[in-house]
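As structure tokens, the structure follows; a few thoughts come after it.
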Amino acid sequence: MTSPVKIGVGLLGVMLVGFVCALVFFFWPHGLPKVSASASQPRGAELIARGKYLTTAADCEACHTAPGGQPFVGGLGFELPFGTLFSPNITPDDQTGIGTWTDAEFVRAVRTGVGKHGEDLYPAFPYTSYALLTTDDILAIKAYLDTLAPVARRPPENELLFPFNQRYVMRGWKLLFVPSAPYKPDESKSVAWNIGAYLVEALAHCGECHTPRGLMFQRKQGSALSGGSLEGWTAWNITPDVKTGIGSWSDEQIKSYIWKGFAPQRGPAAGAMRQAIDLSLSHLPESDIDSIVTYLRSVKPETSSYPSTAIVTDPTPASASEPWMPVDGPSGLGRKIFAGSCASCHGWDGSGQNSPRAALAGSHSVTDETGKNLVQVILSGSSDSTGTAASAMPGFARALSDTEVAALANYVIGHFGAKRGTVTPNDVEKAR
Ligand code: HEC
Ligand code: HEC
Ligand code: HEC
């Protein structure tokens with residue numbers, strides 16, 4: 001877990017490296033190399049369809065849409081330790097969007113994080129992954145975005161503190177941490193493996209959330225996909241490590257989770273993962289999902305940077321319970337709240353009453369001693385984008401106090417995870 005102090009030190013590192021490299025780079029203008037599609041790039045309707053598929057797989061919409069706003073119009077706020085950054089409008093509006101951008105400018109932005117006027121973009125825009133996209137694919141994305149209705153709307157002004165509002169601070173960082181060449185297929189591997197690698201590493205940018213970050217906010221590629229954190233959530237270890245990763249999951253479970261949003265005996269997806277599934281992964285063809293599974297199976301198994309999260313396969317209190325009747329001992333506040341607010345949907349045995357997605361048994365969230373995702377879900381609830389009541393959970397932020405949420409979370413971790421939860425009222429206050 002990254003403590004605020006560490007982030008502080010990390011930012012200092014970014015600043016220092018940034019300033020040093022800025023000296024070197026300051027008079028070195030970003031070139032704008034000519035770009036053109038290869039002979040194999042499709043044309044016309046086929047190109048637009050390809051662009052739409054790529055835009056979906058890259059989930060551009062997730063970040064370029066404000067809550068309740070029109071897709072791709074931007075305005076979503078990113079809370080950084082040094083202020084708030086807003087995503088820009090990427091509809092083809094001439095004044096407020098990317099209507100006047102040339103192909104070369106667009107490719108440069110997506111691959112190297114440089115804006116239209118040569119300004120450096122913050123890596124909240126995951127060009128660290130998109131740098132691996134082929135030129136053809138980036139141009140196809142632009143061709144698709146160009147077909148959207150232009151919407152004239154400017155996002156709010158960024159509120160970033162000096163010196164982080166000096167964009168050139170990013171230059172040194174980018175030099176160190178952005179891949180310099182697009183993805184090269186590995187001829188020794190199958191076609192499916194290569195499609196999976198391209199999806200995981202470049203398009204669907206799984207590592208932006210699932211790879212731990214170092215002091216300078218860089219992804220630690222040495223332990224890629226072994227678990228990261230974002231916005232108060234833990235993005236679990238998805239390497240084939242058996243104890244702390246998804247090594248013990250079946251192919252079918254992985255497939256169901258990333259495509260449908262839940263997996264039998266592994267629980268549902270919530271938070272940013274639920275959104276990635278709703279907007280992006282659930283729209284991909286089955287063959288792509290199979291390719292992702294093939295690739296994930298092949299990456300280096302790594303022990304999680306969150307050691308507390310090892311799954312307990314037989315959490316006795318829950319597995320000995322009946323759906324409507326718990327067997328376990330400790331009475332108290334947490335158990336009382338679970339009985340009143342949770343058991344009717346989830347069941348005391350975690351089998352789920354109202355929807356297969358309400359099956360909590362085996363979910364990582366309820367076996368993690370720190371209860372991070374559990375607390376987030378209790379506070380905010382969870383639903384897919386259809387928002388149908390049958391498959392949704394309401395948030396309890398207003399109904400329950402910090403002390404109640406902490407007691408409930410620790411009870412849930414004890415009952416479903418057979419572990420001692422360590423959630424304090426203070427943790428809950430911070431998560432609100
Ligand atoms: C994880 C969030 C995220 C995703 C996913 C994302 N973006 Fe962005 N994007 C941002 C943010 C934040 C900025 C603003 C960065 C800045 O101001 O420094 C940005 C900036 C941009 C810009 C520069 C626009 C300008 O006016 O300067 C373009 C172009 C862009 N994104 C296109 C895309 C495309 C195309 C995709 C999908 C392939 C995509 N983005 C996916 C967050 C995201
Ligand atoms: C925007 C951030 C984000 C992106 C991108 C993302 N994930 Fe996740 N992922 C999460 C979070 C957060 C969770 C935890 C969700 C929960 O506990 O309900 C998660 C959970 C998972 C899990 C469940 C693991 C477990 O032990 O329960 C799998 C599998 C997974 N993600 C695979 C992927 C794959 C494959 C990709 C890319 C195709 C991906 N994720 C992209 C944030 C992300
Ligand atoms: C109205 C039914 C309902 C109630 C009441 C309810 N839940 Fe849920 N819960 C669900 C559903 C459905 C999901 C799956 C949501 C999704 O797929 O987005 C879920 C998801 C979860 C998850 C996410 C698991 C994961 O792996 O990310 C946790 C944890 C959870 N609920 C705990 C609780 C607790 C604790 C309470 C009591 C405060 C509670 N729920 C009350 C229906 C409910």
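Overview of results
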item	result
Around GLU429: net Lys/Arg minus Asp/Glu count, Cβ-Cβ under 15 Å	+1
Proxy reagent accessibility, fewest Cβ within 10 Å first, across ARG167, ARG111, ARG432	ARG432, ARG167, ARG111
Neighbour-count order for LYS300, LYS260, fewest beta carbons within 10 angstrom listed first	LYS300, LYS260
Using a Förster distance of 41 Å, the FRET efficiency for ALA49-LYS220 (Cβ separation, nearest 0.05)	0.65
Cα→Cβ-extended label distance, 7 Å offset, between ALA62 and THR102, nm	3.3 nm
Estimated translational D of the chain in µm²/s (Stokes, Kirkwood radius over Cα pairs; 37 °C; 0.692 mPa s)	143 µm²/s
Net charge contributed by nearby residues that have their C-beta within less than 13 Å of VAL110 (K/R +1, D/E -1)	0
Rounded tilt (10° steps) of 402-417 against the dominant C-alpha axis of the chain	80 degrees
Stretchable slack from LEU333 to SER355, in nm (0.36 nm times residue separation minus alpha-carbon distance)	5.3 nm
Nearest-0.05 FRET efficiency for ARG420 and GLU231, computed from C-beta distance (R0 25 Å)	0.45
Inter-label distance, nm, simple model (7 Å from Cα along the C-beta direction), ASP94/ARG154	1.7 nm
Taking CYS206, CYS345 and counting other C-beta atoms within 10 Å, the order from fewest to most	CYS345, CYS206
Nearest 10 degrees, 0 to 90: helix 251-260 Cα axis against the chain principal axis	70 degrees
Cα principal axis extents for region 259-305, largest first, Å	28, 25, 20
Cα long-axis angle, helix 44-57 against the chain (0 to 90 degrees, to the nearest 10)	40 degrees
Charge context of VAL293, other residues only, Cβ under 14 angstrom, K/R +1, D/E -1	-1
ARG398-CYS345 pseudo-label distance in nm [points 7 Å out on the Cα-to-Cβ vector]	1.6 nm
Sequence ranges 355-363, 58-66, ranked by mean other-Cβ count within 10 angstrom, highest first	355-363, 58-66
With at most 15 other Cβ atoms within 10 Å, longest stretch of the chain clear of loop chymotrypsin sites (Phe, Trp or Tyr not before Pro) (DSSP)	28-323
Compactness of region 316-431 as Cα Rg over 2.2 N^0.38 Å, two decimals	0.97
Fully extended contour minus Cα-Cα distance, from SER190 to LYS430, at 0.36 nm per residue	81.8 nm
Relative contact order (%) - criterion: Cα under 8 Å, at least six apart; region: the chain	13 percent
Packing rank of 364-375, 38-49, where each peptide gets the mean count of other beta carbons within 10 Å, highest leading	364-375, 38-49
Convex hull per residue volume in Å³, alpha carbons only, for region 203-288	109 Å³
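Laboratory data are not the source of any read-out in this text; all were calculated from the coordinates shown. Remember, it's a predicted structure, so these values are computed and weren't measured experimentally. Cβ coordinates were reconstructed from backbone atoms using ideal geometry, including for glycine residues, and neighbour counts include every protein chain displayed.
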